[in-house]
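Take a look at the structure below.
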Amino acid sequence: PAQEASPAGFEWGAYLEKETALAAAVSCFRHAPLCAQWDDISLGMKVEVLNTNAVLPSKVYWIASVIQIAGYKALLRYEGFEEDSSHDFWCSLVSAELNPIGWCAMTSKLLVPPQDVKQHIPDWKEYLMKTLVGNHTLPVDFYLKLGESMRTSFRVGMRVEVVDPKHVSRTRLAAVHSIRGGRLRLVYEDQSDAPENIVDDFWCHLASALLHQIGWSQQVGHNIKAPVTTTGPASKSFRGNYDSSFVLFKKPRFVYMEGCYFEEGMKLEAIDPLNLGSICVATIQKVLLDGYLMVGIDGVSSNGYDWFCYHASSHAILPVDFCKKNNIPLTVPPDYDSQIFTWEEYLMDTNSKSVPPRLFNADFPGHGFSPDMKLEAVDLMEPRLLCVATVKRCVGRLLLIHFDGWEDEFDQWFDHQSPDIYPVGWCDLMDYPLQPPPGLVLYDPAAQNKKQKGKRRKRNG
Ligand code: MLZ
């Protein structure tokens, strides 16, 4: 659970330097706090910050410049060090440790230069006047905006419907147990199948497409696990006490179902919900109401248990030949050879037609991600885990995310607007544990023994 502390020793700053990597900007993540304010944050910006390079009994402060920005983190250099980087330090831009210029004067704090500044500066006042002219500082309402953007209307105890990870073609009743940074820990009402000592739960962002208001399944015609009277051991019981209202939930884009629309049996390409790194040959298995569709991966879903609900506007469903056009390996049914597979032949073999390309959501406003950028991403196969990750590929709106230190089998496709990817420093801001690359050694020599590559995981694993 998120209450555990992050495994000690991981520091984004040191890691980015070791990897010589850049981080995706906060403004790339629409759901991230201060996304809209991030244009005000720029290199060279000056702030007032605790002076740790002083030998005075009381806390003193000094002015520092932003040298580098990585997500919510910044590399700072105290004024006076000029080109000397030896005292640079990483700091969170959203930790309330940084203050706008003028803060010390307003709160009667002392500004004292660091003791190790080599050069002799006879008149600090004049020096600062010169360096501060024409420079930006933190907007005065920065922390106010941060507080505002972290507010949510979701409440503990609220009941919802959410996907059943053990049986993804149906939903289950759950209640919000805790909320952190817009991420919800949901505890299923029915604990009767859960192994002893394990609480059956699920984590997702409040804007997740997997999360719905009470009554949604019935409304659109989706399967829902029947409520059971025995809910499992009382020790695990956590019951919601009021039903969620639909206004809280992210509404998918409206789709017209009249005229030419998705039909049962039509073929397409889709991200495999149980193996998010692969795009597969798939079939529309059922057309639900309000634009929802049940999609099955060809060759694996025989009983309908792993049909998956995607909205017609979802970016996880793609027209045939999407993979071919974008040079992505398409996962074909087991009795086909991907080397020689062609859609033309497959449609003939299966006597089916493909979904007309114009039915797919082609909105693409562009994004700021590019390959090799670092970020924090949810391992959607174990959605409690938020991991150190890298953008490996960008294909239109889709990002192939690699989990640092894990094999490529763990890679997952995300839409660039997915609420499950976050800027560097998000976990720190929310006090949520971040999973560092397994076996990574930055400072701690004792951790060296544990060094190993992440293991491969099976489908359904
Ligand atoms: N127990 C799992 C953990 C995987 C977590 C990976 N995150 C990128 C396994 O080893 O398969």
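Relative contact order for segment 372-433: what percent, with Cα pairs under 8 Å and sequence separation of 6 or more? If you can, show how the numbers build up before the last one.
On the way: 99 pairs, mean separation 19.3, N = 62.
Computed over segment 372-433, the figure is 31 percent.
Note that the chain carries a Kirkwood radius of 24.8 Å, evaluated over its alpha carbons pair by pair. Considering only alpha-carbon pairs that sit under 8 angstrom and 6 or more positions apart, the relative contact order computed for the chain is 15 percent.
A P(r) calculated from all alpha carbon pairs of segment 54-108, with 10 Å bins opening at zero, reads 21, 49, 30, 1 percent.
Hey, what number do you get for the chain at 222 nm if only DSSP H runs of n ≥ 4 count, each worth -39500 (n - 2.57), divided across all residues, to the nearest 500?
Numbers: 8 runs with 52 residues, N = 461.
One gets -2500 deg cm²/dmol as the mean residue ellipticity at 222 nm.
The residues packed around residue 51, meaning those with a beta-carbon under 15 Å from its beta-carbon, carry a net charge of -1 if Lys and Arg are +1 and Asp and Glu are -1. Subtracting the Cα-Cα distance of residue 150 and residue 364 from their residue separation scaled by 0.36 nm leaves 74.4 nm.
With the full set of protein chains in place, find how many percent of the accessible area of the chain is carbon and sulfur; take the probe as 1.4 Å.
Working: 12230 of 23040 Å².
Taking all protein chains in place, the chain shows 53 percent carbon and sulfur surface.
For segment 281-396, the extents of the C-alpha atoms along the principal axes are 44, 33, 29 Å, listed from largest to smallest.
How do 186-194, 62-70 rank on mean C-beta neighbours within 10 Å, highest first?
Working: 186-194: 19.3, 62-70: 21.4.
By packing density, highest mean first, the sequence is 62-70, 186-194.
Summed over the residues of the chain and divided among them, the accessible surface reaches 50 Å² per residue at a probe radius of 1.4 Å. Spatially, segment 381-443 and segment 253-328 are offset by 25 Å when compared through their Cα centroids.
Listed peptides 388-395, 366-373 appear in the order 388-395, 366-373 once ranked by packing, highest mean of other Cβ atoms within 10 Å at the front. As a rough guide to protection, the peptides 274-287, 111-124 ranked by mean Cβ packing within 10 Å, highest first, stand as 274-287, 111-124. Treating segment 133-256 as a set of equal point scatterers at the Cα positions, no solvent, please give the Debye-formula log₁₀ I(q)/I(0) at q = 0.11, 0.21 Å⁻¹. The Cα Debye sum returns log10 ratios of -0.45, -1.23.
Full extension of the chain between residue 228 and residue 167 yields a length gain of 20.3 nm, computed as 0.36 nm times the residue separation minus the alpha carbon distance.
The values are calculated or read from the model by the stated rules, or taken from the named source; none is laboratory data. Being a predicted model, the structure only gives us computed values, none of them experimental. Here Cβ is always computed from backbone atoms with ideal geometry, including for glycine, and neighbour counts include all displayed protein chains. These area figures cover heavy atoms from the full protein model, side chains too; ligands, DNA and RNA do not enter into them. Shrake-Rupley method; radii C 1.70, N 1.55, O 1.52, S 1.80 Å.
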